[in-house]
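Student: Could you have a look at this structure, given as structure tokens, before my questions?
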């Protein structure tokens with residue numbers, strides 16, 4: 001069961017118990033940039049402040065979550081440039097913890113505006129967690145075709161700075177579930 005850890009105006013973080021330990025998921029806007037012709041991966045996490053991997057690692061270490069075994073970076077460009085990505089760098093900093101990221105743009109099924117609305121009405125209550133469990137999914141950012149999402153996305157899992165696995169996943173979901181509730185957005 002997914003449980004909210006932190007809600008911000010521009011992001012949310014939740015934890016989930018898994019057979020190998022706790023998975024921490026960070027859903028926010030991600031982007032990349034070049035500085036002096038060097039790729040820099042960044043993540044917006046609190047108050048639209050961009051955080052690099054080191055800042056993000058410090059933030060995660062301060063979270064009230066024990067036994068984190070996997071960190072899921074559910075935001076755009078988190079695995080772009082593979083070993084030069086924020087996901088790879090975070091996996092080097094937080095050793096022996098799997099870090100999952102995505103190449104390119106991705107979308108979730110839990111719109112930030114809906115998260116903000118739920119939080120303002122219910123706080124960290126069961127209603128928020130119920131909707132989080134029901135609607136949170138990750139998709140390749142693409143407009144639905146024929147009323148369905150049926151697209152591939154490239155998910156990459158890192159451990160200690162190395163690629164452990166790569167997956168091109170095909171996700172088919174009926175878009176009326178997401179469109180009717182306006183719960184999909186580009187990250």
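Just so it is clear, none of the values below were taken in a lab; they were calculated from the coordinates. The structure displayed is predicted, hence computed values, not measured ones. Positions of Cβ are backbone-derived with ideal geometry, glycine not excepted, and every protein chain shown enters the neighbour counts.
Student: Grab the Cα-Cα distance for residue 49 and residue 82, subtract it from 0.36 nm times how many residues apart they are, and report the gain in nm with one decimal.
Tutor: 9.5 nm
Student: Right, another one. Put a dot 7 Å past each Cα toward the Cβ at residue 61 and residue 36; how far apart are the dots in nm?
Tutor: 2.5 nm
Student: Between residue 18 and residue 116, how many nm apart are label points set 7 Å from Cα along the C-beta direction?
Tutor: Result: 3.0 nm between the two label points.
Student: Follow-up. Semi-axes of the stretch 62-110's equivalent ellipsoid from the Cα gyration tensor, sqrt of 5 times each eigenvalue, largest first, rounded to whole Å?
Tutor: 19, 15, 7
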